[in-house]
Amino acid sequence: MIDTMNIEIEQIENSKLTRVDFDDIQFGKVYSDHMFISKYRKGEWGVNKILPYRDLSISPASPSIHYGQSIFEGMKAYRSPEGEILLFRPLDNFKRLNISADRMCMPHISEEVFMEGLSQLIKLDEKWVPSAESTSLYIRPFMFSADEYIGIRPSDDFDFMIITCPVGKYYSKPVRVKIETKYARAVEGGTGYAKAGGNYGGSLYPAKLAQEKGYDQLIWTDGKEHKYIEEAGTMNVLFVLDDVLVTAPAGDTILKGITRDSVLTLARDWGMKVEERKLEVTELIDAIKSGRLKEAFGAGTAATIAHIATIGHEGVDYDLPKKPADAFSNRILNELDAIRTGRKEDKFGWVYKVK
Ligand code: COI
């Protein structure tokens, strides 16, 4: 055991790095050598550890298994042309994790533990950060109940962990999405704005039905009337209507995406008109029919910018026009890539260098 600051580190004996084909990285298939863990017991966080990545031992009575008391974040590290390792907006992930923690009756994690755990873990596994175009190290911080109790009540004990894996593109080509008008992902007053595990578990069945019909993903609508466009579950959705960038306001039912915010910030900086407003499904379909809809795309950490090729609604598939190379979503993707990899000035202070 080596002691580094307040993190105990146990290093792996044989790295799994040789098992990774960096020319063909599959999303979420191979995990880096180490993981970070901190345990919350008797009302306080204990020793911070970096251990070899391995299976956990968990009580079969854990409320995280039975009741989904678990939350997570998704973030990425990139390699700059000079070989430095850069994190994109990690403090925003840190803040959002604690927002999710409040909603799910979990304790806050401190900025120091989050940032120091993250930095030391990534430094130790730095060879896992790929450098090819469209690749990065995906980082998954998460927290779950570690109680042994199957009664329903907020837990006392929690584990906070970080695991990482090298990734390529989440969607390898422009996606076909279906506007969901039967099932709901979130309702006002629910947990839609939190990154809570159950939000994703509940989306699997409707998404599977759509996948059986040839779609990649759903665009969720509001849970009450199915009248307004919300988000896609793995990403927020944005539209260029005429020359205005339109997306749903990030309220109670929509995850406040960090990529979403980055796109809106860059668009405003470029002088584009941006509207965060309710968008009716009928307005969107009319805009496709009349040619007002120029572009539709998803924005998320895993998905980055995912072009939408087809939107399905009530049995009709609408193919969107092919995007020119200088389309807004292409320019945004290039700009974000350049900022995240340190090839372009970081004027918004989004990039954090791992030292
Ligand atoms: C992310 O973009 O990081 C997400 O959390 C989406 C995920 C469910 C793949």
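The values are calculated or read from the model by the stated rules, or taken from the named source; none is laboratory data. Fair warning: this is a prediction, and the values are worked out from it, not measured in the lab. When we count neighbours, we look across all protein chains shown, and the Cβ atoms used for this are built from the backbone with ideal geometry, even at glycine. The accessibility values were calculated without ligands, DNA or RNA, using every heavy atom of the protein model including side chains. Shrake-Rupley method; radii C 1.70, N 1.55, O 1.52, S 1.80 Å.
Going by average Cβ neighbours within 10 Å, how do the peptides 86-96, 253-263 rank, with the highest at the top?
Descending mean neighbour count gives 253-263, 86-96.
So what's the angle, to the nearest 10 degrees on a 0 to 90 scale, between helix 111-124 and the longest Cα principal axis of the chain?
Between helix and principal axis, roughly 80 degrees.
Could you work out the local net charge near S100, counting Lys and Arg as +1, Asp and Glu as -1, over the other residues with Cβ closer than 12 Å to its Cβ?
Net charge in that neighbourhood comes out at +3.
Determine, from the Cβ-Cβ distance of D242 and K127 and an R0 of 30 Å, the FRET efficiency 1/(1 + (r/R0)^6), rounded to the nearest 0.05.
Computed FRET efficiency for D242 and K127: 0.05.
What angle do you read, to the nearest 10 degrees and between 0 and 90, between the alpha-carbon axis of helix 281-290 and the longest principal axis of the chain?
For 281-290 against the chain, the angle is about 50 degrees.
Is there a quick way to get the dipole size of region 2-167? I mean about its Cα centre, with the Cβ of Lys and Arg at +1 and of Asp and Glu at -1; what is the value in debye to the nearest 20?
400
Is the C-alpha gyration tensor of region 2-167 telling us rounded, prolate or oblate? Criteria: a/c under 1.5 is rounded; beyond that, a/b larger than b/c is prolate, otherwise oblate.
The shape class here is prolate.
For region 170-183, in order, what is each residue's ³J(HN,Hα) by Karplus, 6.51 cos²θ - 1.76 cosθ + 1.60 with θ = phi - 60°, in whole Hz (x at glycine and Pro)?
Values per residue, Gly and Pro as x: 6, 10, 7, 8, x, 9, 9, 10, 10, 6, 7, 10, 10, 8 Hz.
Roll a 1.4 angstrom probe over the protein heavy atoms and tell me the percent of accessible area of the chain that is carbon or sulfur.
49
Can you tell me the dipole magnitude for region 175-340 around its Cα centre, using point charges on the Cβ only (Lys, Arg +1; Asp, Glu -1), in Debye to the nearest 20?
In total the dipole reaches around 260 debye.
Give the range of the longest stretch in the chain that excludes all GluC sites (Glu not before Pro) found in loop regions by DSSP and having at most 10 other beta-carbon atoms within 10 Å.
134-224
For the chain, compute the orientation-averaged projected area of the C-alpha convex hull (one quarter of its surface), in nm².
Taking the Cα atoms of the chain, their convex hull projects to 18.4 nm² on average.
Put +1 on the Cβ of each Lys and Arg and -1 on the Cβ of each Asp and Glu in the chain; which of M161, P130, G271 then has its Cα farthest toward the positive end of the dipole?
G271
What does the charge add up to near R41, with Lys and Arg as +1, Asp and Glu as -1, over the other residues with Cβ less than 15 Å from its Cβ?
Net of charged neighbours comes to -3.
Compute the long axis of helix 90-103 from its Cα atoms, compare it with the longest principal axis of the Cα atoms of the chain, and write down the angle in degrees, 0 to 90, nearest 10.
Its long axis makes an angle of about 90 degrees.
What's the local net charge at S62, with K and R +1, D and E -1, over the other residues with C-beta under 10 Å away?
Residues close to S62 contribute a combined charge of -4.
So how far apart, in nm, are the two label points at Q26 and K289 if each is 7 Å from Cα heading toward Cβ?
4.3
With the Cα gyration tensor of region 289-355 in hand, convert its eigenvalues to equivalent ellipsoid semi-axes via √(5λ) and list them largest first in whole Å.
31, 13, 8
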